[in-house]
Amino acid sequence: MRQTSLAAWGCYSLSMNLRMDQSLIKEDAVAIDVDGNTIIARPGDSVAVALHAVGVSTLRHSPRSGAPRGIFCLMGSCQECLVMIDNKRRLACETIVRAGMSIRTGGQL
Amino acid sequence: MNRQVELAVLGGGPAGIGAALAASQCNVNVIILDRGIAAGGQVYRPPTKPQNTGQLASAPDHVIGERLRKELALSSVTCLFDRKVWSVQRGFRIDAIGPTGQETWEAERLLVASGTTERVIPFPGWTLPGVMGLAATTLLLKSQRVLPGKRPIIAGSGPLLWAVANGIIDGGGTPVAVIDLADTRCWVSSLPALFSRPTDLLKGLGWAYKVRRKRVPVISGASVGKVSYEGTSLVVEVVKRNRDGTLRHAGQKIQHLSADALCIGHGLLPAVEVTQLLGADHVFDGKAGGWKPVIDDGQRTSIPGLFAAGDCTGITGAAAAHLEGQLGGLTVAREMGRVTHNSYRRRAQALRRHLLRASRAGSKMADLMMASGSLLDNIAGDTVVCRCEDVTYGEIQTALAAGATGLNQVKSWTRCGMGPCQGRVCGDTVATIASRHLGGRHVVGSWSPQVPLHPLPMEDVVGSFAYQDIAIPEPAPL
């Protein structure tokens, strides 16, 4: 994963930013850990959105063929965004970010 | 402990809100159960936080949504959000997982307003990360204020294409192209029906105008042939369709476009899991999106006490859904004797009159969204149809050639539809494939409904406890 330093926050973010509104109040920032990288999310973001906004597109691999999968329906129906959140299998689109949350992607779930 | 209520409404979208408000105004004790964090459903879903509103503040959907949320807040309706309903039994018992764990509700009457599921017809590469549904994209844009990509391609059918293209332009993205399955002819032929809802017509024309003004290429009468990655970009193959709806084959000039996301959708399907689970009569109506519960002119299903309203009874759009909900809520109140016969008749008639007009435009839109079965010709033998279990088109055809007699046999022979999405994503496609072999959707049937309605972690149901918390009964005397 590519990383660019986000000096202002003293932590890292991935290179892409797909948010329409770029301004973020520092106090609002929610830092989450994604596969060992710190990602800045906004309060109210779902894990799926926080990852998508910084360009993490592969969330897991399919159990049978091991093919990469990412967000697809975003409303809890397709089950494609299943990741490990604090060591539990959770849908990324239905879990709201919390400071210090630890997320593992890429599993064959 | 089970909690009792007179009416439980499943789903807090336009239909559910309409039903709950109408019933509560007649002094019926009502709860709404919804998976989301606020009322509005998908179409009126609020932004995740107020400062996210931006230019949405004046968008018509946002204004209606805010008004409905305010009305709900002022009413006596108990809104229960973040509730995942996983079982519904006749009588009616509802089991849901809420913020504090398992909850059980007992309701005298139940109104299902579960809305829709988006249909995406498979094509080679549709499982790749970066390919997402149009409805998903709408949520990203409207509720989260995040772009699907900086240079996405928007493809599929129906008005959502134009809504999404507009949202992306407004959000600062640059759509590479809009690939519309319908050609101009289809849109022109639907104009008369749209005149019954001039505001929606103007909204649609406004979207189309903005897309043209931004010089976004619009490829009409075409579809996505396949998608693959070249480095970090998605390469989308665009295939034109013939006048009869079939896709043009090799030898024709095929266009390749490069993008960073593909947003694609082929219409909406009524979400009938709950009404099917309860055993209500259903009928197949291709124009309305697929299987839908049979309902009377008061939104009653074939099961006493069970009502359904909104897009889960056939796709007609948000305006019609809200009216259907109101009619359903009113009928509930009438059955409970909370509204006089005359008053019911007068109000129901007025609602039905409005409904007729709203559903005319809505149905036409739904019709435009419906992609013809010929899109299936585009699926290759090794294209995954069932995403959960990676079951390919070839495997499904093999099962059908070997004599599978319906959807459920295809499921047990191939594992297609057996994964965690419970066949929501592939069901319609598999049924269409099977009906080609077996002769009609009624022959093919639909998946047997299963509980739990959604996969859920065991600990959510039983809660967490330590070993010593388990009561061990005294041993019986010898």
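The values are calculated or read from the model by the stated rules, or taken from the named source; none is laboratory data. What you see is a predicted model; the values in this text were computed from it and never measured. Heads up, the Cβs are rebuilt from the backbone with ideal geometry, glycines too, and the neighbour counts pull from every protein chain shown. Please note that ligands, DNA and RNA were not included when accessible areas were found on the heavy atoms of the full protein model with its side chains. Shrake-Rupley method; radii C 1.70, N 1.55, O 1.52, S 1.80 Å.
Conditions (1) open to solvent by 10 Å² or more (accessible area, probe 1.4 Å); (2) more than 12 Å from chain A (Cβ to nearest Cβ), marked per residue:
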| site | (1), (2) |
| --- | --- |
| B:Gly101 | yes, yes |
| B:Glu108 | yes, yes |
| B:Glu118 | yes, no |
| B:Pro129 | no, no |
| B:Ala135 | yes, no |
| B:Thr138 | yes, no |
| B:Gly149 | no, no |
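Hey, any hits in the range A:1-11 for a residue that's more than 9 Å from chain B (Cβ to nearest Cβ), modelled with pLDDT of 70 or more and assigned to a helix (DSSP H, G or I)?
The answer is no, given that none of the residues of the range A:1-11 is more than 9 Å from chain B (Cβ to nearest Cβ), modelled with pLDDT of 70 or more and assigned to a helix (DSSP H, G or I).
If I ask for residues that are in contact (Cβ under 8 Å) with a residue 40 or more places away in the chain and part of a loop (DSSP other than H, G, I, E, B), which ones from the range B:280-300 would you list?
B:Gly289, B:Asp297, B:Gly298, B:Gln299
Considering only the range B:92-105, state which residues are closer than 21 Å to B:Ser24 by Cβ and touching a Phe, Trp or Tyr at 6+ places or on another chain (Cβ under 7 Å).
Residues satisfying the conditions are B:Ile94, B:Ala96.
Being away from chain A (no Cβ under 14 Å), among the aliphatic types (A, V, I, L, M) and open to solvent by 60 Å² or more (accessible area, probe 1.4 Å) is the requirement here; does B:Val178 meet it?
Answer is no for this residue.
For the range B:458-469, state whether one or more residues are in contact with a Ser or Thr (Cβ under 9 Å, 6 or more places away or on another chain) and away from chain A (no Cβ under 14 Å).
no
Report the residue count in the range B:420-446 for those that are outside any helix (DSSP H, G or I), open to solvent by 10 Å² or more (accessible area, probe 1.4 Å) and within 14 Å of another protein chain (Cβ to nearest Cβ).
4
Here is a list of conditions, (1) in contact with a strand residue (DSSP E or B) (Cβ under 8 Å, 6 or more places away or on another chain); (2) at pLDDT 95 or above, and B:Leu74 meets all of them except one; can you say which number that is?
(1)
Residues of the range B:181-224 being over 28 Å from B:Leu356 (Cα atoms) and touching a residue at least 24 places away in the same chain (Cβ under 8 Å), which ones?
Result: B:Lys210, B:Val211, B:Lys214, B:Val216, B:Pro217, B:Val218, B:Ile219, B:Ser220, B:Gly221, B:Ala222, B:Ser223, B:Val224.
Give the residue that is nearest to the chain's Cα centre (by Cα), with candidates limited to residues of the range B:151-175 that are open to solvent by less than 10 Å² (accessible area, probe 1.4 Å) and of a type in the set (Val, Ile, Thr).
By that ranking, first place goes to B:Val164.
For residues in the range A:59-74 being open to solvent by 40 Å² or more (accessible area, probe 1.4 Å) and more than 7 Å from chain B (Cβ to nearest Cβ), which is farthest from B:Cys421 (Cα to Cα)?
Per the criteria, the residue is A:His61.
Could you list all residues from the range B:307-325 that are among the hydrophobic types (A, V, I, L, M, F, W, C) and either more than 14 Å from B:Arg109 (Cα to Cα) or out of contact with any helix residue (DSSP H, G or I) (no Cβ under 7 Å at 6 or more places or on another chain) (or both)?
Those that are among the hydrophobic types (A, V, I, L, M, F, W, C) and either more than 14 Å from B:Arg109 (Cα to Cα) or out of contact with any helix residue (DSSP H, G or I) (no Cβ under 7 Å at 6 or more places or on another chain) (or both): B:Cys312, B:Ile315, B:Ala318, B:Ala319, B:Ala320, B:Ala321, B:Leu323.
Need pairs with beta-carbon distance below 6 Å; first residue facing another protein chain (nearest Cβ under 7 Å) and within the range A:36-58, second part of a strand (DSSP E or B) and open to solvent by less than 40 Å² (accessible area, probe 1.4 Å); sequence gap 6+ or separate chains.
Pairs that qualify, where the first residue is facing another protein chain (nearest Cβ under 7 Å) and the partner is part of a strand (DSSP E or B) and open to solvent by less than 40 Å² (accessible area, probe 1.4 Å), are A:Pro43/A:Val30; A:Val49/B:Val146; A:Ala53/A:Arg19; A:Ala53/B:Val146.
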